[in-house]
Amino acid sequence: MNDFKIILKDLKEQSRYRSLNLPNGIDLTSNDYLGMAVHPLLREYAINALENGMDIGAAGSRLLRGHTDYHAELEEFACTYFSAPKTLFLANGFIANYALFTTLPSRHDVILYDALIHASVRDGMRASDARSFKFLHNDIDALEKLLNLHKDSNIWVAIESVYSMDGDSAPIMQIYNLIKRHDNAMLIIDEAHATGIYGQSGKGLAYDIIQTNGYDKIITLHTCGKAVGVAGGLICASAEIIDYMINKSRPFIYSTAPMPLQALLVRKSLEILACDDGAQRRDKLLSLCIRAKELFGGAGSQIVPIILGEDEKAVRVAGALQEAGYDIRAVRPPTVPQGSSRLRLSLSSNLDEYILQGFADTLILNSVKI
Ligand SMILES: Cc1ncc(COP(=O)(O)O)c(C=O)c1O
């Protein structure tokens, strides 16, 4: 038996102990980038649907009775929305990534992944039969070398369009052009932090490429618990890939379908994001991103890393800011690389410039004091 007590004690001593804390103070930490998680219309849709007799649980796998009109309508809508031949909805982004990487690459295949790829992809790769190789973050040359090295295998390349902890984006067009030159390669783009915000009507940073080139060499994942404000993971791909997932993906097959309400609300949220309301929320968020870049640096997206280095310092500064009324959390290894513990400032269209300025002043005051 592992000595959990000792491991937990060590984590405490290293300032890496994690505990659950309820939301408290001004939200500078959630991924509700566009305020959709508290959208009054979505609340109304939920109430109406339940009052009109919608079942609570799906009560079975999608392949059994768990497949409802709501799931089918969402996937059909998502096909039009993301210009995809076929889509598949799973309960969350983590399980969607896990499903992709445990299902598609087979034993003789190779997965090439960006060094900063999300834990859900890592865990999927770990459980996959394929071999996986890392390339330096956003390093096209390193990726090209690996593509050439493995030219005799099927290759799956895993990137994020906006990276979750640094907020920078991948050079998607350059990577796509590379992939196009390799018949044996397929690009899987996790749009978790771009969906709803970037690209035409928030359809993601790969959307322009997809509109011109289709999904022959691309699979995208749109998580629905961040800017979309609900929960879920929508995989967009060729019909063949989605049909293969439906037939072979164990996390999809052997699991109860997401609640019908979840599917309904994701569809309604995407509808809102495509219209003026969504555009206004995006405009507001993007102007806050510009202001935040002036104040804190970073890549200019809604994710602003304030790197403090040591774990203990990150915990102390976060604690002081929490006491001052800001809900911001310390992010430490293994979520981020050793020596880069940070505050992950997460912007939302619910905030304004005054809040950002107040936070910047408090941060400076506390960084000087600590
Ligand atoms: C890049 C990335 N992919 C996938 C996920 C998982 O998505 P979900 O929260 O919907 O499970 C996250 C969540 O943090 C993420 O940041």
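The values are calculated or read from the model by the stated rules, or taken from the named source; none is laboratory data. Note that the structure is a prediction, hence the values are computed from the model and not measured. Backbone-built Cβ (ideal geometry, glycine too); neighbour counts: all protein chains shown.
Could you grab me the full set of residues in the stretch 106-116 that are over 12 Å from LEU146 (Cα atoms) and either outside the structural domain of VAL157 (by TED's automatic domain parsing) or within 16 Å of the ligand (Cβ to nearest atom) (or both)?
ALA115, LEU116
If you go through the stretch 203-221 one residue at a time, do you hit one that is under 30 Å from ALA46 (Cβ atoms), out of contact with any strand residue (DSSP E or B) (no Cβ under 7 Å at 6 or more places or on another chain), β-branched (Val, Ile, Thr) and crowded, with 24+ Cβ neighbours inside 10 Å?
Among the residues of the stretch 203-221, not one is under 30 Å from ALA46 (Cβ atoms), out of contact with any strand residue (DSSP E or B) (no Cβ under 7 Å at 6 or more places or on another chain), β-branched (Val, Ile, Thr) and crowded, with 24+ Cβ neighbours inside 10 Å, which makes the answer no.
Hey, could you check the stretch 117-155 for residues that are of a type in the set (A, V, I, L, M, F, W, C) and within 16 Å of the ligand (Cβ to nearest atom) and say which is farthest from GLY204 (Cα to Cα)?
Looking at the filtered set, the residue picked out is ALA127.
Need pairs with beta-carbon distance below 6 Å; first residue over 23 Å from ILE155 (Cβ atoms) and within the stretch 73-101, second away from the ligand (no atom under 14 Å from the Cβ) and among the hydroxyl-bearing types (Ser, Thr, Tyr); sequence gap 6+ or separate chains.
Matching pairs, first to second residue: GLU75/THR87; ALA78/THR87; CYS79/THR87.
Residues that are touching a residue at least 24 places away in the same chain (Cβ under 8 Å) and under 17 Å from MET165 (Cβ atoms): list the helices (runs of 4 or more DSSP H) wholly contained in the stretch 257-370 that include at least 2 such residues.
276-296, 311-323
If you scan the stretch 85-111, which residues turn out to be more than 21 Å from ILE210 (Cβ to Cβ) and in a loop (DSSP other than H, G, I, E, B)?
ALA91, ASN92, PRO105, SER106, ARG107, HIS108, ASP109
Can you find a residue that is surrounded by fewer than 17 Cβ atoms within 10 Å (Cβ to Cβ) and either in contact with a Pro (Cβ under 8 Å, 6 or more places away or on another chain) or assigned by TED's automatic domain parsing to the domain that holds ILE175 (or both) anywhere in the stretch 87-98?
no
Quick one: would you say LEU205 is assigned to a strand (DSSP E or B), within 20 Å of GLY233 (Cβ to Cβ) and within 16 Å of the ligand (Cβ to nearest atom)?
no
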